[in-house]
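Written out below as structure tokens is the structure these notes cover.
Read-outs: derived from the displayed coordinates by stated rules, not from any lab. As the structure is a computational prediction, the values presented were derived from the model and not from experiment. In this analysis, Cβ positions are derived from the backbone assuming ideal geometry, glycine residues included, and neighbour counts consider all displayed protein chains.
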Amino acid sequence: MKLNELHDNPGATKRKKRVGRGPGSGLGKMGGRGIKGQKSRSGVAINGYEGGQMPLYQRLPKRGFNRHNAKTFAVVNLGLIQKFIDAGKIDIKKDLDEDAIVAAGVTRRKKDGIRVLAKGEITSKVNLVVTGASKGAVEAIEKAGGKVTVTAPAKEAAAE
């Protein structure tokens, strides 16, 4: 085999479509866009348009509701708390409140509070003071000899 005998497999490369390069190319003059109209112009995107028929997204009924004042909680799993305790990043001698959880780096921010879920296992005796906790998480912590204190989420001044 010589360098001048090297070539791609058949069908491996495809020639670029050169639009608007004369009648002999097969895509000359209008370049495959037809005559006049919105779609023949540049910069047109008609997503969801169905030729004047009522579009699907308008035919279907609206569903659901998003509360504009809904509370969002930072979610922390028990297994993650245990991992940070094992790594020595959390001191379990003191009560573990939300500020301590954020300071340790378990979660990035508190949002409207921290909610503890029962995913993973906890073996350390820890006293948690959080905004929310699932039933399973409370049972798991109490089984390990700890205690959970659930505080009400902080109310905003504008809501009162």
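Cross-link partners for LYS39 among the aspartates and glutamates, with Cα-Cα distance under 14 Å and sequence neighbours closer than 8 places in the same chain left out: GLU50. Over all distinct Cα-Cα pairs of the chain, the Kirkwood formula returns a hydrodynamic radius of 22.5 Å.
Remark: the ALA144-ARG63 segment gains 24.8 nm on full extension, using 0.36 nm per residue and subtracting the alpha carbon distance. Of the chymotrypsin sites (Phe, Trp or Tyr not before Pro) in the stretch 10-74, the ones in a loop by DSSP (not H, G, I, E or B) with at most 13 other beta carbons within 10 Å are TYR49, PHE65. DSSP beta bridges confined to the chain are antiparallel in about 15 percent of cases. Taking every alpha-carbon pair under 8 Å whose residues sit at least 6 apart, the stretch 3-160 reaches a relative contact order of 15 percent.
Beta bridges per DSSP, both residues in the stretch 73-151: antiparallel share near 10 percent. The mean of 1/r over all pairs of different alpha-carbon atoms in the stretch 74-152, once inverted, gives a Kirkwood hydrodynamic radius of 12.0 Å.
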